[in-house]
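We did not get these values from a lab; they are worked out from the coordinates using the rules stated. All values reported here derive from a predicted model rather than from experimental measurement. Cβ placement follows ideal geometry from the backbone for every residue including glycine, while neighbour counts extend to all protein chains displayed.
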Amino acid sequence: MTRRVPLALLLCLSAIGLSTRASAAAYEFVPAPQADLNRMYRVDKVTGEVTSCQYGLQESGGGIGLTVCFAAGEGAGPQVPSEYGLVATRHTREAGVFRVNYRTGEMSICFVLVKKEQVVCTQQANPPAESAGDAAPAAPGRAGAGATPPQGGRP
């Protein structure tokens, strides 16, 4: 005689399996785009906390080297819970990466301050909203339109 497993039990077991797989993917990893830098960034996909590790030479003992890691410093610690990721630019001399909030569209730039041995990130930001052809004024503490030099040969 065979026993049938109730549908509710099967659904519950499936949900447990899916949640286990989802929790296993709690981090995202992205290498720094700088061509001669062996640095990898890590973001907690829920909290947005950013850390980084890289290869370091071992000065004594003639070993194979060691992993040097940098903890979250100013601005790189946990943020409001959301859905975060990391995006590296294609700029081969850029050592930092963008932390993006996929739900709000906000971005910040994160990089390692080697002297402080920490990862730091700028404040999360979105472009200012524009209304009926009038550009919104820059937010307090933000640079105006002329703060970034023209890109791509445009004046």
(message) For region 25-126, what does the relative contact order come out to in percent, with C-alpha contacts under 8 Å and a separation of six or more?
(response) 26
(request) Give me the net charge of GLN34's neighbourhood, meaning all other residues with Cβ under 13 Å from the Cβ of GLN34; Lys, Arg count +1, Asp, Glu -1. (result) +1
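What is the local net charge at CYS110, summed over the other residues whose Cβ is closer than 15 Å to its Cβ (Lys, Arg +1; Asp, Glu -1)? Display every interim value, and only then the final one.
On the way: positive: ARG39, ARG42, LYS45, ARG99, LYS116; negative: GLU28, ASP44, GLU49, GLU74, GLU94, GLU106, GLU117.
That sum, taken over residues with Cβ under 15 Å, equals -2.
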(message) How far apart, in nanometres, would the label points at SER82 and LEU57 be if each is projected 7 angstrom from Cα along the Cα-to-Cβ direction?
(response) 4.1
(request) Just round it to a whole percent: the fraction of Cα-Cα distances in region 27-123 exceeding 21 Å. (result) 31
(request) Distance between Cα centroids, region 95-121 to region 53-77: provide it in whole Å. (result) 18
